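Worksheet for the structure shown next.
The values are calculated or read from the model by the stated rules, or taken from the named source; none is laboratory data. Every value quoted in this text rests on a predicted model; they were computed, and no experiment measured them. With ideal geometry, Cβ positions are generated from the backbone for all residues, glycine too; neighbour counts draw on all protein chains shown.
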Amino acid sequence: MITYQLTIGYLYGDLMNIYGDTGNVIALKKRAEWRDIEVTIKQISVGDHLKPGEMDIYFFGGGQDQSQDIVAKDIQTKADAIKEDIEKGVPLLSICGGYQLLGAYYQPFNGPKLEGIKVFDVYTEASHDRMIGNIVIETKEFGKLVGFENHSGKTYLRKDARPLGKIISGFGNNGMDKSEGCIYNNAIGCYMHGSLLPKNPKLADWLLEKSLETKYGEKIELKKLDDDLEDKAHNTSTKKFS
Amino acid sequence: MLRLYLAIWLAKIIQFLTRRLNLGGGSAAPGLYALKIDPQLVKKLSSKIPTNIVISGTNGKTTTSRMLAHFAQTNNFKVIRNSTGSNLERGIASALINKTNPFSLKLKNADLGIWELDEAAFNNVVLSIKPNIMVFLNVFRDQLDRYGEVNTVVKKWEETLKKVNFNSLILANGDDLNTLRLKGSFRGEFETFGMPNMMIKGEAQATKNKSLNFKAEDVKVSSLDNVTFNLNFRGMRQQVLLPLPGSYHIYDFLAAFAAGYHLNLDPEQMIDSLDGFVPAFGRVEKLIIKGKNVYLFLIKNPVGATQVFGTIAAEIKPEDTVLLALNDNFADGKDVSWIWDANFEELKIKDFGLRILCSGQRAEDLAIRLKYAGLNTKQIEIQKSLEKAFDKSLEITKGRVFITPTYTAMLGLQSILAKKGYKKAYWKENN
């Protein structure tokens, strides 16, 4: 029996890790380890060199404005590697600030546009509305997802972009068009903190599965885990916040 | 003047009714309505107090102000403060109204005002109070859904401090870069306190070349009941025994001591009086219920919770039981994501399977957090009802019970303790 091994690339974990984002990395690691998959977490930060093929999953969280400026500049140097990996099927989860920087651009109130790296065909504009609260969405691949959003940037999908899901309750991308997040290949961007993955184990497992399939080039079916607690939390919160 | 009369009378009536009808402590509502009638109320009333001190920061406000009040009272000061953790403007208004004679508008028994202000309220109130001393404890990630980002909090403080046009002294935590940085925006005197050899696990730490005006050295944490250290200030050295668990309370002591020092309180007397210091309700409490030792530690945010878990983990024994309670009301923070930034991994004690009860509105979130911290699911039990969880913890424990609730869960617990006759209602406690 072969032992699978995965490397999680935590993009700017030192600067972009607000609202429990690290919980997502913990969830990926644990859910892999419970299936005897070896996991290495690699921090990728400002000035680090990134080559395509080094990472099997990417995670990219949200940050404070100041961090976001620094990261926006630096991520351009990693854009080619990340995009090449995503084209090959390497999964990525990005949340809030991370999601915004993977779009075309972020337009703050004052000052110049922050260019994104255009993984997602979306753009974001600063707004005076703070969109805060629990959020529940319906998705095709993962059923209902539940999290907590806290953003003032409004993200708009261009015509070829596919939303991650449809809002059941909350604001989502922009508070207007009932869409939340974006999905391209196996890359996902969204506004859902929470932490997202521990309470939405289906999504966590999908990321792991896609990661292994891309790396090992075969169909992978992950071993079932005892998700009693996770399911309970998922069901209680989707019910409570819908 | 008429406005102020009206405001005070209305508030007094509300205060009377809420207590009479047992609607709770009545610590915020009277002030809230009074401020609607007279928005200048805090300014008008606080100016009648000879000395005012404000205390702000993420963690430790209540313990610090309570300790400073204790020092001052030992020196026969008559202290007025917002004492039940209501640290918004309305809480201050309520406390002021409480001590105001509704006929003469004079304040009775108020030589010294000690006001704890939360990070946002500081900006609204400090220019009205015109404090003689401002204490900044720390800035950590707390309820970011309410306050905004850490940087924003500090920036707003800086803007406010630039507007200070009265004589005042700042006492700031010298180990926290965020409070240290305030020096640049303040024209008045600026002194620091801290621990030269300690690191705060948190947001931003000052490390090298710290010059601290009040410092604690040779810290020894010996048990759940106290810590000892050497206090070093103005060239003097004193041994201190602080009757609180966990080294993080040393900052609260240093801040209170430094403020007391500037009030000309006798240093030795302050240190000696620690012996009789009782921490604030629910922050850290030790009770004996049905012959069992029950410890209560409030948790509010990642840094505070991690400190509490570390303190408990160092002391826990196989026969003990832990009860965690997580609510998501406004005062707790609606966003419970913060539990993923707190180090629940501390509770993973290798040699034995500690039993942990998860309670509160978000009990399931706690349970998952523990599971992903590496605890066995057999150790974890969900009981959403706080009262049932509390009863159960007493029933199953063979040793002590450690309870760590978030803010409104702590209030709920205080009511349960009062109802069952284990404790007086919290708003009736002496402050």
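Here is how the numbers come out for the structure above:
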{"item": "Only one of B:LEU68, B:LEU10 that is crowded, with 17+ Cβ neighbours inside 10 Å, in contact with a strand residue (DSSP E or B) (Cβ under 6 Å, 6 or more places away or on another chain) and either not hydroxyl-bearing (Ser, Thr, Tyr) or not assigned by TED's automatic domain parsing to the domain that holds B:PHE140 (or both)", "result": "B:LEU68"}
{"item": "Filter pass, A:VAL136 being within 13 Å of A:CYS190 (Cβ to Cβ), modelled with pLDDT of 95 or more, within 14 Å of chain B (Cβ to nearest Cβ) and assigned to a strand (DSSP E or B)", "result": "no"}
{"item": "Boolean, B:ASP365 is surrounded by fewer than 18 Cβ atoms within 10 Å (Cβ to Cβ) and modelled with pLDDT of 95 or more", "result": "no"}
{"item": "Criterion violated by A:LYS88 - all others in (1) within 14 Å of chain B (Cβ to nearest Cβ); (2) over 23 Å from A:GLU230 (Cα atoms); (3) not small (Gly, Ala, Ser) satisfied", "result": "(1)"}
{"item": "The range A:217-242, residues that are within 14 Å of another protein chain (Cβ to nearest Cβ) and outside any helix (DSSP H, G or I)", "result": "A:LEU225, A:ASP226, A:ASP227"}
{"item": "Extreme residue, nearest to A:GLY23 (Cα to Cα), among residues of the range A:197-209 that are of a type outside the set (A, V, I, L, M, F, W, C) and in contact with a strand residue (DSSP E or B) (Cβ under 8 Å, 6 or more places away or on another chain)", "result": "A:LYS199"}
{"item": "Among (1) farther than 24 Å from A:ASN24 by Cβ; (2) facing chain A (nearest Cβ under 9 Å), the one test that B:ARG362 misses", "result": "(1)"}
{"item": "Residue ID - surrounded by the fewest Cβ atoms within 10 Å (Cβ to Cβ), chosen from residues in the range A:180-202 that are aliphatic (A, V, I, L, M) and in contact with a Gly (Cβ under 9 Å, 6 or more places away or on another chain)", "result": "A:ILE183"}
{"item": "Checking B:ARG355 against (1) closer than 21 Å to A:LYS232 by Cβ; (2) surrounded by fewer than 22 Cβ atoms within 10 Å (Cβ to Cβ); (3) within 23 Å of the chain's Cα centre (by Cα), the condition it does not meet", "result": "(3)"}
{"item": "Residue check for A:GLN43: within 14 Å of chain B (Cβ to nearest Cβ) and more than 18 Å from A:GLY194 (Cα to Cα)", "result": "no"}
{"item": "Count of the range B:276-302 residues which are modelled with pLDDT of 90 or more and either part of a helix (DSSP H, G or I) or closer than 25 Å to B:PHE140 by Cα (or both)", "result": "5"}
{"item": "Exclusive hit being surrounded by fewer than 19 Cβ atoms within 10 Å (Cβ to Cβ), outside any loop (DSSP other than H, G, I, E, B) and more than 14 Å from chain A (Cβ to nearest Cβ), set B:LYS398, B:LYS388", "result": "B:LYS388"}
{"item": "Test result for B:TYR261, of a type in the set (Ser, Thr, Tyr) and outside any helix (DSSP H, G or I)", "result": "no"}
{"item": "Extreme residue, farthest from the chain's Cα centre (by Cα), among residues of the range B:288-306 that are among the aliphatic types (A, V, I, L, M) and away from every other protein chain (no Cβ under 14 Å)", "result": "B:ILE289"}
{"item": "Looking only at the range B:307-357, and only at residues there that are part of a loop (DSSP other than H, G, I, E, B) and of a type in the set (Asp, Glu), the one that is farthest from the other protein chains (Cβ to nearest Cβ)", "result": "B:GLU319"}
{"item": "Subset tally (residues that are within 14 Å of another protein chain (Cβ to nearest Cβ), touching a residue at least 24 places away in the same chain (Cβ under 8 Å) and not hydroxyl-bearing (Ser, Thr, Tyr)) for the range A:1-40", "result": "18"}
{"item": "Count of the range A:35-73 residues which are buried (at least 18 other Cβ atoms within 10 Å of the Cβ) and outside any loop (DSSP other than H, G, I, E, B)", "result": "10"}
{"item": "Residue match in the range A:209-216 (condition: within 14 Å of another protein chain (Cβ to nearest Cβ) and either among the small types (Gly, Ala, Ser) or in contact with a Lys or Arg (Cβ under 7 Å, 6 or more places away or on another chain) (or both))", "result": "no"}
{"item": "Residue check, B:ASP328 surrounded by fewer than 24 Cβ atoms within 10 Å (Cβ to Cβ), touching a helix residue (DSSP H, G or I) at 6+ places or on another chain (Cβ under 9 Å) and closer than 23 Å to B:ALA409 by Cβ", "result": "yes"}
{"item": "Search result, residues across the range B:31-48 that are surrounded by fewer than 22 Cβ atoms within 10 Å (Cβ to Cβ) and either part of a loop (DSSP other than H, G, I, E, B) or touching a Phe, Trp or Tyr at 6+ places or on another chain (Cβ under 7 Å) (or both)", "result": "B:PRO39, B:GLN40, B:SER47, B:LYS48"}
{"item": "Of the criteria (1) in contact (Cβ under 8 Å) with a residue 60 or more places away in the chain; (2) more than 14 Å from every other protein chain (Cβ to nearest Cβ); (3) farther than 23 Å from B:SER56 by Cα, which one B:PRO245 fails", "result": "(3)"}
{"item": "Residue match in the range B:87-97 (condition: in contact (Cβ under 8 Å) with a residue 12 or more places away in the chain, surrounded by fewer than 22 Cβ atoms within 10 Å (Cβ to Cβ) and within 26 Å of B:PHE330 (Cα to Cα))", "result": "yes"}
